[in-house]
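Visitor: Just dropping this structure here.
The values are calculated or read from the model by the stated rules, or taken from the named source; none is laboratory data. Bear in mind the structure is a predicted one, so any value in this text is a computation, not a measurement. Cβ: placed from backbone, ideal geometry, glycine included. Neighbour counts: every protein chain shown. Note: areas computed on protein heavy atoms with side chains; ligands, DNA, RNA excluded. Shrake-Rupley method; radii C 1.70, N 1.55, O 1.52, S 1.80 Å.
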Amino acid sequence: MREGIHPEYGPVVFRDRAANHAFLTRSTLAGVPTEKTIEWEDGNTYPVVDVEISNVSHPFYTGTARVLDTAGRVERFERRYGKRG
C-alpha cells in the first residue's frame, strides 16, 4: 500500500438512538474530528457516531417487517378487469 493516501482507521462506537444500543467497532470515521465521545465498558474513551437505525432496530432483523400481499392484489386486479387469455 502507498503511504499517506488512506484514511485513519480506528475504534469508534456506533450508537443506535432508536433502540438505545451501542457497539464498538473499527471505522475510517475515527479520523474525523468530533465533539462527541463516550466512555466504553473497558474504561477507554472513544468517538461516538449516532445512527438512526441498526440491526437491533431494523424491522428486517427484528422480525417485525410487514409482508405485502401481492397475490391478493393480482387476484383482485384479475377479478376487476378480467383475465387476459
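Visitor: Quick one: in the range 38-63, which of the residues that are under 8 Å from D16 (Cβ atoms) and of a type in the set (V, I, T) is modelled with the highest pLDDT?
Guide: V51
Visitor: Given the conditions (1) of a type in the set (V, I, T); (2) at pLDDT 85 or above; (3) surrounded by 11 or more Cβ atoms within 10 Å (Cβ to Cβ), which single one is not true for T34?
Guide: (2)
Visitor: Taking only the range 6-25 into account, find how many residues are open to solvent by 80 Å² or more (accessible area, probe 1.4 Å) and over 15 Å from the mean Cα position of the chain (by Cα).
Guide: Residues that pass the stated criteria total 4.
Visitor: Which residues, taken from the range 5-19, are out of contact with any Ser or Thr (no Cβ under 6 Å at 6 or more places or on another chain) and more than 16 Å from A30 (Cα to Cα)? So that I can check it myself, show each step before the final result.
Guide: Quick first cut of the range 5-19, residues out of contact with any Ser or Thr (no Cβ under 6 Å at 6 or more places or on another chain) only: 5-6, 8, 10-11, 13-15, 17.
Across the range 5-19, the qualifying residue is only R17.
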